[in-house]
Amino acid sequence: MDEKKDKKNHSPELISRPEATTASQENDAAKIQKNVIGAITNLKIIAEYYKGVYDPSGFITNLKLALGITPNRASDYGVFMVGNPPSSVSIRISNHNAKAANYENHSLSDSNVSIVVKGRRRTTNTFEASERVKLIEFVYMEKSLKSVQNPFSQIAESIAAFLESGVYCDTTGVAKVNISPVIDRRP
């Protein structure tokens, strides 16, 4: 077996935990403005570290830390100003599908993106759309990622490119995409 495929991540936290954040609104669902340039730099560190890694251990935590999101729950959110002209975008990192209505309580933005990396035990698509929330979710299944070269590096690089451009592009080619609200594409 290829030596790189056996490489595992035994250091789950590559980026130090954020010490403080600044709320940009007064209610309980305060949006947190993250440092986009720092996040891009951190994501590039993550991408380099995960070259040749096919074990997802620690990857979700490292993505959250790279984005400046303190990993407290299974789903954590961060709000960023991305693109040109800049617009507010919420990024969710998790190991399970989103319920779009939850964005109303967390960080409803101009655009909402959910990045999900599922292990072997979480294979069912439990995504729930909401008519009130615009959300696109990219779901990466561990089994599908094994057929991709440097899958975790590609995910980190895709998030970094998204922070620069405002457009998320799945370069792995294996992400399942969920959209809210559901778009009826019947003729």
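Structural remarks
- Of the candidates S90, S16, S57, the single residue that is among the small types (G, A, S), over 23 Å from I136 (Cα atoms) and modelled with pLDDT of 85 or more is S57.
- Residue match in the stretch 93-102 (condition: of a type outside the set (F, W, Y) and more than 19 Å from Y140 (Cβ to Cβ)): yes
- Among the conditions (1) in contact with a strand residue (DSSP E or B) (Cβ under 8 Å, 6 or more places away or on another chain); (2) under 18 Å from N35 (Cα atoms); (3) outside any loop (DSSP other than H, G, I, E, B), S109 misses just one, which is (3).
- Residue in the stretch 60-85 that is farthest from V139 (Cα to Cα), counting only those that are out of contact with any helix residue (DSSP H, G or I) (no Cβ under 7 Å at 6 or more places or on another chain) and assigned to a strand (DSSP E or B): V79
- Screening the stretch 131-161 for residues that are closer than 24 Å to N102 by Cβ and open to solvent by 10 Å² or more (accessible area, probe 1.4 Å) and picking the one that is modelled with the highest pLDDT gives F138.
- Residue in the stretch 41-79 that is most open to solvent (accessible area, probe 1.4 Å), counting only those that are under 18 Å from S165 (Cβ atoms), over 13 Å from the mean Cα position of the chain (by Cα) and of a type outside the set (D, E, K, R): T41
- All told, V117 falls short of being in a loop (DSSP other than H, G, I, E, B), surrounded by 16 or more Cβ atoms within 10 Å (Cβ to Cβ) and of a type in the set (A, V, I, L, M).
- The sole residue among S75, S87 that is farther than 16 Å from N35 by Cβ and touching a residue at least 60 places away in the same chain (Cβ under 8 Å) is S87.
- Subset of the stretch 162-179 that is touching a residue at least 40 places away in the same chain (Cβ under 8 Å) and buried (at least 16 other Cβ atoms within 10 Å of the Cβ) - its residue that is farthest from E48 (Cα to Cα): N178
- Screening A100 on (1) surrounded by fewer than 21 Cβ atoms within 10 Å (Cβ to Cβ); (2) touching a Pro at 6+ places or on another chain (Cβ under 9 Å); (3) of a type in the set (A, V, I, L, M) shows it passes everything except condition (1).
- Cβ pairs under 6 Å, 6+ apart, first in the stretch 48-65 and in contact (Cβ under 8 Å) with a residue 24 or more places away in the chain, second of a type in the set (A, V, I, L, M) and assigned to a loop (DSSP other than H, G, I, E, B): Y49/L14; N62/L14; L65/I15
The values are calculated or read from the model by the stated rules, or taken from the named source; none is laboratory data. On a predicted model such as this, the values are computed, not experimentally measured, just so you know. Heads up, the Cβs are rebuilt from the backbone with ideal geometry, glycines too, and the neighbour counts pull from every protein chain shown. Accessible surface areas use protein heavy atoms only, side chains included; no ligands, DNA or RNA. Shrake-Rupley method; radii C 1.70, N 1.55, O 1.52, S 1.80 Å.
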